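*Asks:* The structure's right below; bear with me while I get my questions together.
The values are calculated or read from the model by the stated rules, or taken from the named source; none is laboratory data. Fair warning: this is a prediction, and the values are worked out from it, not measured in the lab. Every residue, glycine among them, receives a Cβ derived from its backbone with ideal geometry; neighbour counts consider all protein chains shown. These accessible areas exclude ligands, DNA and RNA; they are computed on the full protein's heavy atoms, side chains included. Shrake-Rupley method; radii C 1.70, N 1.55, O 1.52, S 1.80 Å.
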Amino acid sequence: MNFKALVILFLVALFAWYLSFLASRLDRLHHRVETSWANLDGLLQRRAAIAIEIARSEIADPASSLLLTFAAHQAREASVKDRSQAETGLSGALGILLETSETAPGAVEQELLSELAELNGKIKVAVALHVESVNRAQLIRAKWIIKTFRLAGRAPLPVTYEFEADAL
């Protein structure tokens, strides 16, 4: 084997390693997107559960309670394509209830409201993490080398949802 063939073999091996590196990086980014979504989904499910508890408490009048219960159940049961509308509806129902509540909250209601406020802060952080993960994965997937060598495989392109742009 001559020197020229050895150099070509080294360059091919280096290029194969680079492709493998990019594929594993993209796989880690996809895993990060899935993990951030699972965390966000869990927090949103907990928010819907707290909304149902608030609807059953003394804070809500019967009409607000019915509206909040409907919005919470819709948010919990929504399909992926209807999730944005359902989460936005729940945010609106919670906002309306908290603005129009005239009853002084008791100890239990105060605890629910403080848990909801804490959860909203966590949701904002989870939304920011999920959006950042999706943007980074989309940026990497847009590179020509990823597209040319199909390093993403059959993984779907990560997306953000409309409700993530809202102030939850």
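*Asks:* If I filter segment 141-155 down to residues being of a type in the set (A, V, I, L, M, F, W, C) and surrounded by fewer than 17 Cβ atoms within 10 Å (Cβ to Cβ), which single residue comes out as modelled with the lowest pLDDT?
*Replies:* Residue satisfying both the conditions and the ranking: ALA155.
*Asks:* Could you identify the single residue in SER79, SER20 that is of a type outside the set (Val, Ile, Thr) and either assigned to a helix (DSSP H, G or I) or surrounded by 18 or more Cβ atoms within 10 Å (Cβ to Cβ) (or both)?
*Replies:* SER20
*Asks:* Within segment 132-158, track down each residue that is farther than 18 Å from THR35 by Cβ, assigned to a helix (DSSP H, G or I) and among the basic types (Lys, Arg).
*Replies:* LYS147
*Asks:* Of all residues in segment 87-124, which are free of Cβ contacts under 8 Å to residues at least 60 places away in the same chain, among the hydrophobic types (A, V, I, L, M, F, W, C) and surrounded by 14 or more Cβ atoms within 10 Å (Cβ to Cβ)?
*Replies:* Passing the criteria: LEU90, ALA93, LEU94, ILE96, LEU97, LEU98, LEU113.
*Asks:* Hey, another quick one. Being free of Cβ contacts under 8 Å to residues at least 40 places away in the same chain and closer than 30 Å to PRO158 by Cβ is the filter here; which residues of segment 53-83 pass it?
*Replies:* Once the filter is applied, which keeps residues that are free of Cβ contacts under 8 Å to residues at least 40 places away in the same chain and closer than 30 Å to PRO158 by Cβ, segment 53-83 yields ALA71, ALA72, HIS73, GLN74, ALA75, ARG76, GLU77, ALA78, SER79, VAL80, LYS81, ASP82.
*Asks:* Oh, and also: Among the residues of segment 83-106, are any out of contact with any Phe, Trp or Tyr (no Cβ under 9 Å at 6 or more places or on another chain), among the polar types (S, T, N, Q) and assigned to a helix (DSSP H, G or I)?
*Replies:* yes
*Asks:* To continue, here is another question. Only one of (1) part of a helix (DSSP H, G or I); (2) within 19 Å of ALA107 (Cα to Cα); (3) hydrophobic (A, V, I, L, M, F, W, C) fails for ILE59. Which number is that?
*Replies:* Of the numbered conditions (1) part of a helix (DSSP H, G or I); (2) within 19 Å of ALA107 (Cα to Cα); (3) hydrophobic (A, V, I, L, M, F, W, C), the odd one out for ILE59 is (1).
*Asks:* Among the candidates GLN110, GLN74, single out the residue that is assigned to a helix (DSSP H, G or I) and under 14 Å from ARG47 (Cα atoms).
*Replies:* GLN74
*Asks:* Something else now. Could you tell me how many of the residues in segment 125-140 are of a type in the set (Gly, Ala, Ser) and open to solvent by 50 Å² or more (accessible area, probe 1.4 Å)?
*Replies:* The number of residues fulfilling the criteria is 1.
*Asks:* Next up: Considering segment 31-53 alone, what residues qualify as being within 25 Å of LEU151 (Cα to Cα) and either among the acidic types (Asp, Glu) or open to solvent by less than 30 Å² (accessible area, probe 1.4 Å) (or both)?
*Replies:* Result: VAL33, GLU34, SER36.
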